[in-house]
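First the structure, in the form of structure tokens, and then the observations on it.
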Amino acid sequence: MAGKIYVIMTGNENSLWSRCLSENLVALEFGKTYFDPWRAGDYDRYLEVTKADAAKDDSEADVKGRATLWFNRGNDLTRSEGDLWLHRDRNSDSLYWAQTTSANPVFDHSDPDSVMLAKPVTKWSRHDKKMKPLSWKTIHPVAKDYISSMAAMFSVANADMKAYVQALIDGGDLTPWHSRPKWEERLGAGKTLGSSVSLHELTLANLMLSITGAVANSNGQRVFKTLKNKELHCSEAEMKAHLAKLYEEQKGKCAITGLEMHLHGQDDYDSDMLVSPDRIDSYGHYSIGNVQLVCRFVNFWKMAQDNNRFAELLDRVVAHRLAHTL
């Protein structure tokens, strides 16, 4: 489980979100006059700046509370490591998540009025860890009420909600929460949450279409050349289950190159990197034991080559390119 869990707006009116998304950052904005005392760890001076900016009718307690809140927010964000961060993107109507890394914080002074305080994170994702889309319609209203706070940044302090959010991101079973009477009442009688198909399921469906299409169109007939006969030597259900098992065993990596394979529908996917079913023995059939998962470009390039011979040729290309770039 992650350390702490935070919900963040990423700057005034989410002004920093596009940058956070593209540069893998989580960020806040500080006014220029606030940054130096905060960076120096000088709370008393930070409080004085806050008092100078306060409205006349602000009480001393309100001013001190606001100073303490933002001073601590800057510390919590820039010192964060291994914490889970959530952000709702209203443009895509999705819930994004990422985890802070051990990299140093980033401070950007390019704006004339403010400073960006940022911490590097893992790549932002709008899918749970089982690659199911985290669209807003699929999230329970109780969780929405909690996550939708207009606060610039806050920690999920409630232990039960923290466990729920972690299960949501992990792609775990949410029934223990959704079946509670109060949660059912909040959802509304007769209503159900929206549903979505995981990218794994979508990818498996596309893999099976690829196999069944190859079998249907390559049964030894002559077109401009004689096509290799390809048969499916098990049921479609057995092959689909086998492909799912292969993906887990290969840890999402191409069996030949070790490169990470992309899934159909994932953000910023490269079509050449999409997962593709390949027969290990290209003259054999689609059977348990003769199928591996590779990047699509590998499948195209390999054609009828033996695995070892194809890998040898790839090594030659890499060696040649390295020799001519050094």
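The values are calculated or read from the model by the stated rules, or taken from the named source; none is laboratory data. These numbers were taken from a predicted model, which means no experiment stands behind them. Positions of Cβ are generated from backbone atoms using ideal geometry, with glycine treated the same way; all protein chains shown enter the neighbour counts. Accessible surface is based on the protein model in full, side chains and every heavy atom, while ligands, DNA and RNA are left aside. Shrake-Rupley method; radii C 1.70, N 1.55, O 1.52, S 1.80 Å.
Of all residues in the range 79-98, those satisfying the criterion of being within 15 Å of S155 (Cβ to Cβ) and open to solvent by less than 50 Å² (accessible area, probe 1.4 Å) are S80, G82, D83, L84, W85, L86, H87, W97. Residues being open to solvent by less than 40 Å² (accessible area, probe 1.4 Å) and either under 22 Å from N75 (Cα atoms) or at pLDDT 90 or above (or both): count how many of those fall in the range 104-135. Adding up the residues that qualify gives 14. Per the conditions (1) surrounded by fewer than 20 Cβ atoms within 10 Å (Cβ to Cβ); (2) under 30 Å from Q166 (Cβ atoms), the sole criterion not satisfied by V7 is (1).
For (1) in contact (Cβ under 8 Å) with a residue 12 or more places away in the chain; (2) outside any helix (DSSP H, G or I); (3) open to solvent by 60 Å² or more (accessible area, probe 1.4 Å); (4) more than 17 Å from M208 (Cα to Cα), each residue gets a yes or a no:
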| position | (1), (2), (3), (4) |
| --- | --- |
| K251 | no, yes, yes, yes |
| Q266 | yes, yes, no, yes |
| Y269 | no, yes, yes, yes |
| I288 | yes, yes, yes, no |
| V298 | yes, no, no, yes |
| T325 | no, yes, yes, yes |
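Only a single item in (1) touching a residue at least 40 places away in the same chain (Cβ under 8 Å); (2) closer than 30 Å to D267 by Cα; (3) open to solvent by less than 70 Å² (accessible area, probe 1.4 Å) is not met by T101, and it is number (1). Take the residues in the range 216-242 that are in a helix (DSSP H, G or I) and either open to solvent by 40 Å² or more (accessible area, probe 1.4 Å) or in contact with a helix residue (DSSP H, G or I) (Cβ under 8 Å, 6 or more places away or on another chain) (or both); name whichever of them is modelled with the lowest pLDDT. By that ranking, first place goes to N217.
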